[in-house]
Amino acid sequence: MQTLLLLFRPRFIVLTLCALAALAFAAAIVAGGPTYLWMPLTLFGWLTGLGIRDLLQARHAILRNYPISGHFRFLFEQIRPEMRQYFFESEKDGKPFSRDTRAVVYQRAKVALDKRPFGTQKDVYEDGYEWMHHSVVPKPAADSDFRIVIGGTECTRPYSASVFNISAMSFGALSANAIRALNAGAKQGKFAHDTGEGGVSSYHRENGGDLIWEIGSGYFGCRTPDGQFDPDAFARAASDDQIKMVELKISQGAKPGHGGVLPAAKVSEEISLARGVAMGEDCISPAYHRAFSTPVGLMQFIGEMRRLSGGKPAGFKLCIGHRWEFLAICKAMLETGIYPDFIVVDGKEGGTGAAPIEFADHIGMPMREGINFVHNALIGINARERIRIGAAGKIATAFDMARAMALGADWCNSARGFMFSLGCIQSLSCHTGRCPTGVATQDPIRARALVVEDKRVRVANFHDATLRGLAELVAAAGLEHPNEIRPIHFSHRISSTEVVSFAELYPPLETGELLSGTQDARFAQAWALAQAATFAPKV
């Protein structure tokens with residue numbers, strides 16, 4: 001009796017009403033009612049069956065207590081991100097990129113009006129607000145095709161690169177059409193496209209845009225059957241004229257210190273060919289490299305990459321972790337006499353790769369601190385002039401670029417910015433394969449939605465408009481080239497009444513200061529702990 005009374009409690013009333021409705025419609029049909037009554041009978045019968053299943057299943061306590069109606073909770077939870085994005089978030093609130101930032105990328109990619117009326121919506125007296133200083137004698141805006149030459153004294157085939165390029169995103173993470181459109185846009189706009197660690201696919205080659213070939217710990221595209229680095233395969237692939245630079249990935253901002261596995265079920269024939277892995281087997285990217293294990297070994301490997309590529313610029317990408325480990329690499333440069341042509345500093349705010357929340361939120365150094373640390377470390381060992389620094393990590397606007405350059409970057413890479421130019425709507429479903437715009441998926445039906453001929457133009461437009469924005473910022477500051485931007489050109493608010501210059505927040509080292517003995521607390525202890533022979537700290 002007590003069990004029967006449960007059916008009339010408020011939380012069970014939906015099931016009770018559905019069961020009563022089903023019985024009523026069944027009785028009406030038995031009594032000779034019209035045939036259309038089968039439709040509501042089927043509906044309420046199905047709901048009654050669902051409710052009984054909810055009562056009996058053991059996985060969800062909510063459904064056991066709220067049969068049928070409990071499903072609304074899961075529905076609302078599923079559509080919560082879309083509801084928040086479309087109806088509740090303000091122009092400045094969206095994460096990781098605000099609606100305002102996404103909108104300006106869409107507008108620039110479409111060559112639509114990207115101006116904002118009625119003043120800034122930012123609180124300029126809020127802690128953390130930052131701005132760039134202008135000059136009372138601004139310069140005429142220069143040609144926005146800002147370029148830098150990458151390649152040190154040991155490089156025989158230096159590369160003239162745009163200061164704004166596509167950051168590392170692999171085929172496999174992105175769809176074939178996304179890769180096609182990015183590379184075609186890079187070709188049209190005369191800038192570079194980083195392949196990511198997933199190898200150089202046929203889709204990277206179709207349109208002939210400049211490539212930066214990234215090699216990760218899985219050595220995809222240049223590996224032996226057991227996953228070791230294959231120098232002959234590397235030399236054959238790197239000889240392609242479309243590949244302008246070769247980059248070794250030590251770590252990435254999305255999940256520094258974390259490897260990855262592409263399950264065998266997702267290793268398609270195309271991915272198998274691009275990565276050089278067998279179908280039917282898990283595609284593993286270890287958390288560490290097997291081709292070297294010491295700072296000296298790393299420098300020797302970089303030198304070998306440069307030699308095997310025929311003298312093309314060779315460098316590495318990392319998110320800064322232990323400071324002494326990067327300073328150990330600096331000591332290895334001094335000891336071996338081998339210097340990379342470039343270093344790409346990825347900030348922990350980078351994020352096209354899906355990661356455990358502990359890594360995404362709490363592992364790795366943010367980009368600004370990372371860039372400035374690497375910049376000063378190279379100054380401290382007298383190597384800054386021979387090594388270029390690239391910055392990657394949540395860069396989407398000209399202001400983002402100028403700020404990174406003030407802290408030491410020579411050029412900037414953007415991943416999610418260029419994804420937005422392809423039509424990405426920040427649905428946060430990249431890791432599910434169900435990208436609604438065909439950007440981050442291997443589903444051919446979904447990828448079909450991305451029309452290459454349309455999106456390649458938008459990729460080039462976004463690049464061009466962002467550099468024109470940078471040219472205007474540079475001119476407003478009274479400068480002629482972004483390489484003239486310095487920390488003194490930026491200010492940071494630390495309270496409603498206190499402002500400090502970037503020059504105060506990020507004080508520079510003197511040239512050779514690490515070699516002569518620094519007292520700077522940011523470097524002194526880490527320099528003492530660093531040793532070229534091992535990544536472990538000196539004890």
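The values are calculated or read from the model by the stated rules, or taken from the named source; none is laboratory data. These figures come from a predicted structure and were not determined experimentally. A quick note on method: Cβ atoms are made from the backbone with ideal geometry, for glycine too, and the neighbour counts reach across all protein chains shown. Only protein heavy atoms, including side chains, enter the accessible area calculation; ligands, DNA and RNA are left aside. Shrake-Rupley method; radii C 1.70, N 1.55, O 1.52, S 1.80 Å.
Across region 174-183, the qualifying residues are those that are open to solvent by less than 10 Å² (accessible area, probe 1.4 Å) and assigned to a helix (DSSP H, G or I), and the one among them that is farthest from Leu428 (Cα to Cα) is Asn183. Close Cβ contacts (under 6 Å, 6 or more residues apart or on different chains) running from residues in region 206-217 that are at negative phi to residues that are open to solvent by 10 Å² or more (accessible area, probe 1.4 Å) and assigned to a strand (DSSP E or B) comprise Asp210/Lys244; Glu214/Lys249; Gly216/Lys249; Gly216/Ser285; Ser217/Ser285.
What is the residue count in region 313-349 for residues that are touching a residue at least 24 places away in the same chain (Cβ under 8 Å) and either among the basic types (Lys, Arg) or on the phi > 0 side of the Ramachandran plot (or both)? Steps first, answer last, please.
First, the residues of region 313-349 that are touching a residue at least 24 places away in the same chain (Cβ under 8 Å): 313-336, 338-349.
Now narrow it down to the ones that are either among the basic types (Lys, Arg) or on the phi > 0 side of the Ramachandran plot (or both): 317, 323, 331, 348.
Residues that pass the stated criteria total 4.
The set of residues in region 362-382 that are modelled with pLDDT of 95 or more and part of a loop (DSSP other than H, G, I, E, B) comprises Ile381, Asn382. Once region 149-165 is narrowed to residues that are outside any loop (DSSP other than H, G, I, E, B) and open to solvent by less than 10 Å² (accessible area, probe 1.4 Å), the residue that is nearest to Thr441 (Cα to Cα) is Asn165. Only a single criterion out of (1) more than 30 Å from Ala460 (Cβ to Cβ); (2) among the acidic types (Asp, Glu); (3) out of contact with any Leu (no Cβ under 8 Å at 6 or more places or on another chain) is not satisfied by Glu197, namely (1).
Could you please give the count of residues in region 490-506 that are touching a strand residue (DSSP E or B) at 6+ places or on another chain (Cβ under 8 Å) and either open to solvent by 60 Å² or more (accessible area, probe 1.4 Å) or in a loop (DSSP other than H, G, I, E, B) (or both)? It would help to see each step written out before you state the result.
Within region 490-506, the first condition is being touching a strand residue (DSSP E or B) at 6+ places or on another chain (Cβ under 8 Å), and the residues that meet it are 490-494, 499-502, 505.
Within this subset, residues satisfying the condition of being either open to solvent by 60 Å² or more (accessible area, probe 1.4 Å) or in a loop (DSSP other than H, G, I, E, B) (or both) are 494, 499, 505.
Number satisfying all stated conditions: 3.
For (1) within 23 Å of Ser175 (Cβ to Cβ); (2) touching a strand residue (DSSP E or B) at 6+ places or on another chain (Cβ under 7 Å), each residue gets a yes or a no:
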position	(1), (2)
Lys187	yes, no
Ser201	yes, yes
Glu214	yes, yes
Phe234	no, no
Lys244	no, yes
Gly260	yes, yes
Glu270	yes, no
Ala274	yes, yes
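Contact map, region 438-463: first residue within 10 Å of Phe418 (Cα to Cα) and of a type in the set (Gly, Ala, Ser), second residue part of a helix (DSSP H, G or I) and open to solvent by 80 Å² or more (accessible area, probe 1.4 Å), Cβ cut-off under 9 Å, separation 6 or more or different chains; pairs are Ala460/Lys187; Ala460/Gln188.
Can you confirm whether Ala237 is out of contact with any Lys or Arg (no Cβ under 7 Å at 6 or more places or on another chain) and open to solvent by 20 Å² or more (accessible area, probe 1.4 Å)?
Numbers: out of contact with any Lys or Arg (no Cβ under 7 Å at 6 or more places or on another chain): yes; open to solvent by 20 Å² or more (accessible area, probe 1.4 Å): yes.
Yes; evaluated as a whole, the condition is true for this residue.
Filtering region 93-121 to residues that are over 23 Å from Cys430 (Cβ atoms) and modelled with pLDDT under 90 leaves Leu113, Asp114, Lys115, Arg116, Pro117, Phe118, Gly119, Thr120, Gln121. Looking at region 72-83, can you tell me whether even one residue there is in contact with a helix residue (DSSP H, G or I) (Cβ under 6 Å, 6 or more places away or on another chain), touching a residue at least 40 places away in the same chain (Cβ under 8 Å) and either part of a helix (DSSP H, G or I) or open to solvent by 90 Å² or more (accessible area, probe 1.4 Å) (or both)? Checked region 72-83: no residue is in contact with a helix residue (DSSP H, G or I) (Cβ under 6 Å, 6 or more places away or on another chain), touching a residue at least 40 places away in the same chain (Cβ under 8 Å) and either part of a helix (DSSP H, G or I) or open to solvent by 90 Å² or more (accessible area, probe 1.4 Å) (or both).
So that you can scan it fast, the table gives a plain yes or no per residue for (1) in a helix (DSSP H, G or I); (2) open to solvent by less than 60 Å² (accessible area, probe 1.4 Å); (3) polar (S, T, N, Q):
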site	(1), (2), (3)
Met279	no, no, no
Ile284	no, no, no
Val296	yes, yes, no
Phe301	yes, yes, no
Gly311	no, yes, no
Ile320	no, yes, no
Ile329	yes, yes, no
Met333	yes, yes, no
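Just to be sure, is Ile284 more than 20 Å from Phe535 (Cα to Cα) and in contact with a Gly (Cβ under 6 Å, 6 or more places away or on another chain)?
Numbers: more than 20 Å from Phe535 (Cα to Cα): yes; in contact with a Gly (Cβ under 6 Å, 6 or more places away or on another chain): no.
No; evaluated as a whole, the condition is false for this residue.
In region 1-33, the residue that is modelled with the lowest pLDDT out of those that are assigned to a loop (DSSP other than H, G, I, E, B) and touching a Ser or Thr at 6+ places or on another chain (Cβ under 8 Å) is Leu7. Of the helices (runs of 4 or more DSSP H) lying entirely inside region 383-489, those containing at least 1 residues that are over 27 Å from Ala354 (Cβ atoms) and at pLDDT 95 or above span 398-406, 452-476. Of all the residues in region 218-247, those that are over 17 Å from Gly276 (Cβ atoms) and in contact (Cβ under 8 Å) with a residue 60 or more places away in the chain number 3.
Among all residue pairs at least 6 apart or on different chains, which show Cβ distances below 6 Å where the first residue, located in region 277-299, is within 16 Å of Phe316 (Cα to Cα) and the second is buried (at least 19 other Cβ atoms within 10 Å of the Cβ) and among the polar types (S, T, N, Q)? Going by the 6 Å Cβ cut-off, the qualifying pairs are His289/Ser217.
Over 27 Å from Ser175 (Cβ atoms) and open to solvent by 10 Å² or more (accessible area, probe 1.4 Å) - does that describe any residue in region 339-353?
Scanning region 339-353, I find at least one residue that is over 27 Å from Ser175 (Cβ atoms) and open to solvent by 10 Å² or more (accessible area, probe 1.4 Å), so the answer is yes.
Inside region 507-521, can you point out the residues that are open to solvent by less than 30 Å² (accessible area, probe 1.4 Å) and in a loop (DSSP other than H, G, I, E, B)?
Of region 507-521, the ones open to solvent by less than 30 Å² (accessible area, probe 1.4 Å) are 509, 512, 514, 518.
Listed by number, the residues that qualify are Leu509, Gly512, Thr518.
Looking only at region 184-195, residues that are part of a loop (DSSP other than H, G, I, E, B), buried (at least 22 other Cβ atoms within 10 Å of the Cβ) and not hydrophobic (A, V, I, L, M, F, W, C) come to 1 in all.
Would you call Gly208 over 27 Å from His431 (Cβ atoms), under 24 Å from the mean Cα position of the chain (by Cα) and part of a loop (DSSP other than H, G, I, E, B)? It would help to see each step written out before you state the result.
On the way: over 27 Å from His431 (Cβ atoms): yes; under 24 Å from the mean Cα position of the chain (by Cα): yes; part of a loop (DSSP other than H, G, I, E, B): yes.
Yes.
Number of residues in region 36-60 that are under 16 Å from Ala21 (Cα atoms) and out of contact with any Cys (no Cβ under 7 Å at 6 or more places or on another chain) equals 13. Exactly one residue out of Ala141, Ala168 is surrounded by 13 or more Cβ atoms within 10 Å (Cβ to Cβ), assigned to a loop (DSSP other than H, G, I, E, B) and in contact with a helix residue (DSSP H, G or I) (Cβ under 8 Å, 6 or more places away or on another chain): that is Ala141.
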